[in-house]
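One structure is given here, and the rest of the page talks about it.
The values are calculated or read from the model by the stated rules, or taken from the named source; none is laboratory data. Here the structure is a predicted model, which is why all the values come from computation and not from measurement. With ideal geometry, Cβ positions are generated from the backbone for all residues, glycine too; neighbour counts draw on all protein chains shown.
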Amino acid sequence: MRKSEGSPTVAIVGGGFSGAAVALHLARNQEKGREARIIVFEPRAKLGAGLAYDTAEPTNRINVPAGKMSLYPDEPESFVRYMDRADALADDRGALTAEGVPYPRRSVFGDYVASEIAPYGSAGVIEHRRSPVLEVTRSGNQWAILADNGQVLTADIVVVAVSHPAPTLPKALLPVLPHPKLVADPTKADAFEVIAPANRVLIVGNGLTSADVVAALEQRGHYGPIISISRRGLRSRGHPAVAQEPYGDFVSKPITHASEVLRRIRQALRAARQQGLDWHPVLDAVRAQGQQIWQNLPVVERRRIARLARTYWDVHRFRIAPQVESVLDQAVESGQLNILAASVAAAAIEGQEIVVDLKQRGLDAQHRITVDAIVVTTGPAHGSILQSQPFLATLEEAGVLTPCATGLGIACDLHARAIGADGSAERSLFIAGPLARGAFGELMGLPQVTEHAVFVAREVKALVAFSRLPSKAGQSVRAARGIAHAFASCSERDG
């Protein structure tokens, strides 16, 4: 095991994909004599899976082709090579599309990340602690991390890489909370065992998770009617039949208004149609340029997009695997699945059944339905992120963390450093992963999350070179100059 006496300690709270990727890239790019002690707090048995890839549900598939999934931006075929080595598709006949494109189960990608990080764990370069973190407090120029086993770790640098909070049950469904067939969190193991094949099911939400629910029920032999609702009645879209290169330029001329973003997208869509292209390459271009588009917008315009356009963006951006799309299409065509633009106005338990009043978009009168089960897929509760875990709440109370003004995560600057209540950046506290997207923009899927993890690892690496770290930005001019020099030298070395 590598000696760590006197080495700076980097604590990463959250060992899902983002946290594991930061740890991996920090470990593999450390310089001799400037190594850090890297400790990842993650309750799950293995690093890298997290909520997204720690699933035994066989119908949960990655929603992009395997060739676009990798831990390494410069090695796009890394995951595909792993699948070949591990013979990962041997027991999964449905993994390949008709064109031979692999969409493996999500758990396979989690296994891949774990396999890549495992050698660093065996060598003692990365330490995995399975105790949840209860509290993080400032201790001089360092951080004291209290785990639920009572142990306290003193760290020089902390990286917050936790997941989005679980969905919040809509208020209108609170009266049916005691019902045994209310599935409030469909990501839990065996969540659908309470639903019988003939049950009438209401799904509240129409995104990726809703599609996963329909596929999971179909795999279990469910044939009862399903109603899936969202305020706009939009369902996640699929992939194009033929891959197309991204189309459109949204950054050469910076955009500073939300309305201009939409206008430019519409222009690109019209131009694409004239060239025989569909909407996919235009949205792919928006995604690829998303961070730069976002950072050119004032905060008030970012908030406008998050409030008014996010639903439309999500259903086009987060595409479902062809296997799942086929299940949805067949369910709609057969009449088993009915997708409505509606919301829940009221709900009540009547005997073994649930009576729900739906408020359909564009209609004054409410529509009453009776169902046997309800599944909630409304997505993460973004607004309550700092109350979702005790250590986050403690840091907010101390003024160290603040919610992002966009409502999409935790406030940070463009170095991924947390911004406190006084508006200054914490030099040794970083936000990694999707919770930083309020500052960075598109950070919800690969490859953007991978690239962000590499970026955060590089920022942390620059600080590791210093044994004394200022706790607040601007406290030490000398340290700031030294850090700027380290950033520059790292950029030269890393290309």
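In the set (1) within 29 Å of S388 (Cα to Cα); (2) under 19 Å from the mean Cα position of the chain (by Cα), I39 fails one condition alone, (2).
Every residue, every condition in (1) more than 30 Å from P403 (Cα to Cα); (2) not aliphatic (A, V, I, L, M), yes or no:
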residue	(1), (2)
A123	yes, no
V159	no, no
K171	no, yes
L177	no, no
P180	yes, yes
G205	no, yes
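What do you reckon, is R304 more than 21 Å from Q448 (Cα to Cα), in contact with a helix residue (DSSP H, G or I) (Cβ under 7 Å, 6 or more places away or on another chain), surrounded by 15 or more Cβ atoms within 10 Å (Cβ to Cβ) and at pLDDT below 95? Yes; evaluated as a whole, the condition is true for this residue. Check whether at least one residue in the range 133-149 is hydroxyl-bearing (S, T, Y), out of contact with any Asp or Glu (no Cβ under 9 Å at 6 or more places or on another chain), at negative phi and in the same structural domain as D357 (by TED's automatic domain parsing), and report yes or no. Checking the range 133-149: not a single residue is hydroxyl-bearing (S, T, Y), out of contact with any Asp or Glu (no Cβ under 9 Å at 6 or more places or on another chain), at negative phi and in the same structural domain as D357 (by TED's automatic domain parsing). Being surrounded by fewer than 20 Cβ atoms within 10 Å (Cβ to Cβ), within 21 Å of A347 (Cβ to Cβ) and at pLDDT 95 or above is a property that P178 has.
Count of the range 17-35 residues, restricted to those that are in contact with a Ser or Thr (Cβ under 9 Å, 6 or more places away or on another chain) and crowded, with 24+ Cβ neighbours inside 10 Å, is 3. Out of the residues in the range 247-281 that are β-branched (V, I, T) and surrounded by 15 or more Cβ atoms within 10 Å (Cβ to Cβ), state the one that is farthest from I293 (Cα to Cα). The qualifying residue farthest from I293 (Cα to Cα) is I265. Reported count of residues in the range 38-52, each being at negative phi and part of a helix (DSSP H, G or I), is 2. Residues in the range 387-400 include none that are within 18 Å of R303 (Cβ to Cβ), in contact (Cβ under 8 Å) with a residue 40 or more places away in the chain and not aromatic (F, W, Y). For E35, the stated conditions hold: it is closer than 28 Å to V456 by Cα, in a loop (DSSP other than H, G, I, E, B) and either assigned by TED's automatic domain parsing to the domain that holds G121 or touching a helix residue (DSSP H, G or I) at 6+ places or on another chain (Cβ under 8 Å) (or both). Candidates in the range 208-234 are the residues that are surrounded by 15 or more Cβ atoms within 10 Å (Cβ to Cβ) and hydroxyl-bearing (S, T, Y); of these, the one that is nearest to the chain's Cα centre (by Cα) is T209. Is at least one residue of the range 248-263 among the acidic types (D, E) and part of a helix (DSSP H, G or I)? The answer is yes; a qualifying residue exists. Within the range 294-306, the set of residues being touching a residue at least 24 places away in the same chain (Cβ under 8 Å), outside any loop (DSSP other than H, G, I, E, B), more than 17 Å from the chain's Cα centre (by Cα) and farther than 18 Å from L446 by Cα comprises Q295, V299, E301, R302, R303, R304, I305.
Per-residue answers, yes or no, for (1) over 23 Å from the mean Cα position of the chain (by Cα); (2) farther than 30 Å from A23 by Cα; (3) not in a loop (DSSP other than H, G, I, E, B):
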{"site": "H164", "(1), (2), (3)": "no, no, no"}
{"site": "T168", "(1), (2), (3)": "no, yes, no"}
{"site": "H179", "(1), (2), (3)": "yes, yes, no"}
{"site": "T187", "(1), (2), (3)": "no, no, no"}
{"site": "N206", "(1), (2), (3)": "no, yes, no"}
{"site": "S236", "(1), (2), (3)": "no, yes, no"}
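In the range 53-84, which residues are at pLDDT below 95, assigned to a helix (DSSP H, G or I) and surrounded by fewer than 20 Cβ atoms within 10 Å (Cβ to Cβ)? Across the range 53-84, the qualifying residues are G67, K68.
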